[in-house]
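Here is the structure we will look at.
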Amino acid sequence: MRAIRCNQYGPPDSLTLEDSPDLVPGPGQVVIDVKAAAVNFPDVLIIENKYQMKPPLPFTPGAELAGVVRTVGEGVKLAPGTRVVAYVGTDAFAEQALADASACVALPEAADFATAAAFTLAYGTSHHAVVDRAALRAGETMLVLGAAGGVGLAAVEIGKVLGARVIAAASSEEKLEVCRRFGADATINYSTEDLRERIKVLTDGKGPDVIYDPVGGEYAEPAFRSIGWRGRYLVVGFANGEIPKLPLNLALLKGASLVGVFWGDFARREPQRNAAAFAQMVGWIGEGKLKPYVSKRYKLADTAQALKDMASRKVTGKIVIEP
Ligand SMILES: NC(=O)c1ccc[n+]([C@@H]2O[C@H](COP(=O)([O-])OP(=O)(O)OC[C@H]3O[C@@H](n4cnc5c(N)ncnc54)[C@H](OP(=O)(O)O)[C@@H]3O)[C@@H](O)[C@H]2O)c1
């Protein structure tokens, strides 16, 4: 089977496509024929050794996948042939991947592999952020930065399901058009417009109740300065590459909270609450309220290009590798 390998830390072009023997499941494990693996921004950071999770070299990147169970280890009840989705952390950019049977969720026959693969991290993160950490309420206003990206677009959709007014901010008209299609009530192009001025106009000077920030860098301070009374500022990520520093008096002046979001640890530390969040979202999918957007599909051999597109802000919604 073929797999993308990271033999040394570096940019996407240092990844290699290699042949290796078929995988064999250990007790409690399954081997999955990968049909689709989603690309996430942390993949770009992990291969460059810039992420908090540091898998030992060499490794295969790719955190989440959907596919068909190929073989099962001792004690596993899942049957070969079962269509599943699994969050594996690494190893997904390959024709086969190992997963704990307990990490696999069976998929309905009708589910599209790419859409299923693209769901867990983006929607898990944004549900935890918006519902659990920010407690966004109907009628409140949420500003989403990087709103056309993977976690950003999921936050836009979840905000609308909760009955909030959502302002989407992104760097191009094309990206903002995607945000409007997915429910954004108003938009800000922060490449061409003054972020603070536009927030002021769009919120009648009150500022947003919640700000969702997966970007960091130069947008964080003007956004936090604009937050409303009792606002909640969600620290989700730093796709911009720079971890911003904020003057703490801004929190005092607005009675505002700076709220950290770390879905991976939340899922490990509070599995029951995480499971409840997914049960709620599966219901929302059934009601047609969430529609994960897969904008592009790449072959396994084009994984480096997919990662480069993500690093250079060319991606909207989610992209997937289809081995
Ligand atoms: N806290 C958690 O639990 C958690 C979980 C998952 C992901 N994350 C983090 O969330 C962030 C977004 O992840 P994602 O998978 O949604 O990524 P993504 O799809 O690439 O979205 C990131 C967005 O950031 C914006 N951006 C601004 N400057 C950028 C730059 N220099 N390079 C790349 N993008 C830039 C882009 O929008 P514009 O071009 O419109 O500015 C892009 O759409 C990452 O930092 C990731 O590590 C955190």
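Quick notes
- Exceeding the 27 Å Cα-Cα cut-off - candidates LYS200/LYS296; LYS50/LYS160; LYS50/LYS289; LYS254/LYS308; LYS291/LYS314: LYS200/LYS296; LYS50/LYS160; LYS50/LYS289; LYS254/LYS308
- Extension gain for ARG225-THR71 works out to 50.0 nm (0.36 nm per residue, less the C-alpha to C-alpha distance).
- Distance between the pseudo-spin-label points of SER295 and MET53 (7 Å out from Cα toward the beta carbon): 2.3 nm.
- Mean-position separation - Cα centroids, the range 250-278 and the range 63-102, in angstrom: 28
- Cα gyration tensor shape for the range 121-264, rounded if a/c is under 1.5, else prolate or oblate: rounded
- If R0 is 30 Å, the Cβ-Cβ spacing of THR90 and ILE285 corresponds to a FRET efficiency of close to 0.70.
- Using R0 = 22 Å, the C-beta based FRET efficiency linking GLU218 and ARG180 works out to 0.35.
- Our summary gives the range 178-293 a relative contact order of 18 percent, counting only alpha carbon pairs under 8 angstrom and 6 or more residues apart.
- Gaussian network model of the chain, Cα within-10 Å springs - most flexible of SER226, SER257, SER191: SER191
- The angle between the Cα long axis of helix 271-286 and the main principal axis of the chain comes to about 80°, on a 0 to 90 degree scale.
- Local electrostatic count, HIS127, Cβ distance below 12 Å [Lys/Arg +1, Asp/Glu -1]: 0
- A simple spin-label model places pseudo-atoms 7 Å from Cα toward Cβ; at VAL24 and ALA111 they are separated by 3.0 nm.
- Per principal axis, descending, Cα span of the chain in whole Å: 61, 40, 33
- Charge tally in the Cβ shell below 13 Å around VAL259, where Lys, Arg are +1 and Asp, Glu are -1, VAL259 excluded: 0
- Cα gyration tensor shape of the range 1-159, rounded if a/c is under 1.5, else prolate or oblate by comparing a/b with b/c: oblate
Bear in mind that the values in this text are calculations on the coordinates, not laboratory data. Remember, predicted model here, so these are calculated numbers, not experimental data. Counting neighbours? That spans all protein chains shown, and the Cβs are built from the backbone with ideal geometry, glycine included.
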